[in-house]
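Single-structure report; data block below.
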Amino acid sequence: MKICLVTSFPPSRDALNEYGFHIASELQRIPGITLTILGDEYSPVQPELDGFSVNRCWKFNSLSNPWRLLRAIKMEKPDVVWFNLGFASFGGSPPPAFLGIAIPSLARLAGFYTHVTLHQLMETVNLDDAGVRFPLLYKLGGVLATHIVLFANSVSVMLPAYRSVLVEKYGRGSVYVRRHGIFSARPEYPDLGLRGNPEHRILAFGKWGTYKRLEPMLEAFKEVVREIPEARLVIAGTDHPKTPGYLQSIQEKLGARSDVIFTGYVAEEDIPQLFQSSSVAVLPYTSSAGSSGIAHLACTYGVPIVASDIPDFRRLADEEGLAIDFFPAGQVSKLARHLTDLLQNRDRQIEMAMQNVSAALRMSMPEIIRQYLRTFELRQELDEMRSLSSLRKIPRWMPMRNLLVRRNARKTLLRLEANREPASVAATAGGSESGQVVYMAAPVPVGAQPRHKTGTE
C-alpha cells in the first residue's frame, strides 16, 4: 500500500509536527507500506530526518498550497492520502486556512482516496480565548469548513463527543473515533526516584499565549513555594503563532529566578528526561482545542496531571481512564491548593502515575495505526470488488469479456492477500492479541441515520 501523509513534519516546528512524526515512524516499521511525507516548508532549512522520504511541497500561510499539494499527489499516485490536520494547519489567517482545509476534498475529486485525522472541531474552540476578532464570522466559516472536510472519503476524530457533534449537527460523512494515542510503541515505567529528589518539578508544557496562559500558573506557584520551598516550575514550549513574543515578555517580568526554568522548544530526544523528572504536569488552560497531546505525553511517562475542569479534559478522564486532578478553571488559589496537596502526598502521586501508565498501555501508537490501516484496506477491498462487479455486468457476448473478468479477479485476489500483511504485522506490534481493546466507532455513511453512541468493534 502506498500512502502519502500530508502533515507538518520535523525539523519544522509547526502545529502537529510531533504527531505527524510518530504516525510516520510507525508506518515506516510496517512491511508492505510505502510512505511519502508531503511536508511543510520552513526556515532555516535543516537536513531531513534519516529514513524518511519527504517532499516539502506546501507552506504555512501560502495561498498556493492546494495547487502545489495536488500536483505532488498526482505525481506520487498513492493508494491513500492521509491528512493530519487542524483547522489552522495551513494558515493563521482565514484565506490560506480555508483553502488548505479544502485540499482533502479536492484530492478526492481528483480520484484519490483521502482520509483526515481531524484534531479539533470549531464547535469546541473558545473563540475569545483564541483571539478571534470576528467570532460570528468565524463560526459561519467553521461550519462551512467542516462540511468541506466531511467531503473526504473518511474522517477520524479523537473523542466520542466530537463524533457526536459531527453526526448530530452535520449528519453526513464517514466519521470514526480513534484515540489520540501515546507517542511510542509502549509507555515508559515512571522513574519515581527522579521525582522530589531533591526538587519537585511542576511541568507546564505547550504553545503559550492564547487559551494557554502562564499568569495564573505563576500566581499559583507563588503560593506553592511558600509551603514547598523545594518546588520548581519548568515552563517548556514556545509561543503560539498568534502571540509572538509572549514567553519573552513573561521572562522579562520575572527577571532572573532559580525556581522558574524556561526550556524553550523541546527536541524529541529530550522529552523523556523532561517528563521523567517531573512530579506533576499542569494544564492550566481556560479552554481546549482538542485531545491534549501533553496529557498523552504525561501518560506515556506516568506523570500525574493537574488540569482545569473543562469538558475536553473531563472526557479524557472518563473515556480514556486518565488520572487527572481537576481544579476550577481560572481559580488561582484552587490550582495552588491542588498542586500543594498532590506534591505533599507521595502515595497519591504513585497511584496517579500507575493509573496513567495503565491508560497508556491501552492506546499505544502501533495499535492506533493498525486501526487506520484496517480502514484503508477495507476501502481498497470494497473498491476492488466494485470494479469486478462492474465488469461482470458487461454482456457475455462482448469480445474479451471473460478474459477481462478473470484477469481482474486474479489481480483483486493478489491485492487482497498483499493488503492483509500490514494489518497483521501492525496488530502484532500493537499487542491487540494480548488483550487490548480496539476502540473504533463505525462510520456514518452519507445519508444514513446517525448513531449517537460509539463502541468497540
Taking only pairs six or more apart or across chains, which ones have beta-carbon atoms under 7 Å, a first residue in the stretch 130-141 that is on the phi < 0 side of the Ramachandran plot and in the same structural domain as SER93 (by TED's automatic domain parsing), and a second residue that is at pLDDT 75 or above and part of a loop (DSSP other than H, G, I, E, B)?
ALA130/THR210; ALA130/TYR211
Only one of (1) surrounded by 24 or more Cβ atoms within 10 Å (Cβ to Cβ); (2) under 20 Å from PHE183 (Cα atoms) does not apply to GLN273, and that is (1)
Checked ILE202, ILE235, ILE250 against criteria (crowded, with 18+ Cβ neighbours inside 10 Å, within 23 Å of the chain's Cα centre (by Cα) and hydrophobic (A, V, I, L, M, F, W, C)); the one match is ILE235
Taking first residues from the stretch 154-177 that are farther than 20 Å from LYS139 by Cα and second residues anywhere that are acidic (Asp, Glu) and surrounded by fewer than 22 Cβ atoms within 10 Å (Cβ to Cβ), the pairs with Cβ under 8 Å that are 6 or more apart or on different chains are LEU159/GLU319; PRO160/GLU319
I'd like the full set of residues that are assigned to a helix (DSSP H, G or I) and not polar (S, T, N, Q), limited to the stretch 314-333.
ARG314, ARG315, LEU316, ALA317, ASP318, GLU319, GLU320, VAL332
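Considering only residues that are hydroxyl-bearing (Ser, Thr, Tyr) and under 15 Å from VAL175 (Cα atoms), which ones fall in the stretch 82-123?
SER105, TYR113, THR114, THR117, listed by residue number.
For (1) modelled with pLDDT of 85 or more; (2) part of a helix (DSSP H, G or I), each residue gets a yes or a no:
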{"site": "LYS139", "(1), (2)": "no, yes"}
{"site": "ILE148", "(1), (2)": "yes, yes"}
{"site": "VAL155", "(1), (2)": "yes, no"}
{"site": "ALA185", "(1), (2)": "no, no"}
{"site": "PRO190", "(1), (2)": "yes, no"}
{"site": "ALA204", "(1), (2)": "yes, no"}
{"site": "THR210", "(1), (2)": "no, no"}
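The values are calculated or read from the model by the stated rules, or taken from the named source; none is laboratory data. Note that this is a predicted model, so its numbers are computed, not measured. Note: ideal-geometry Cβ built from the backbone for every residue, glycine included; neighbour counts use all protein chains shown.
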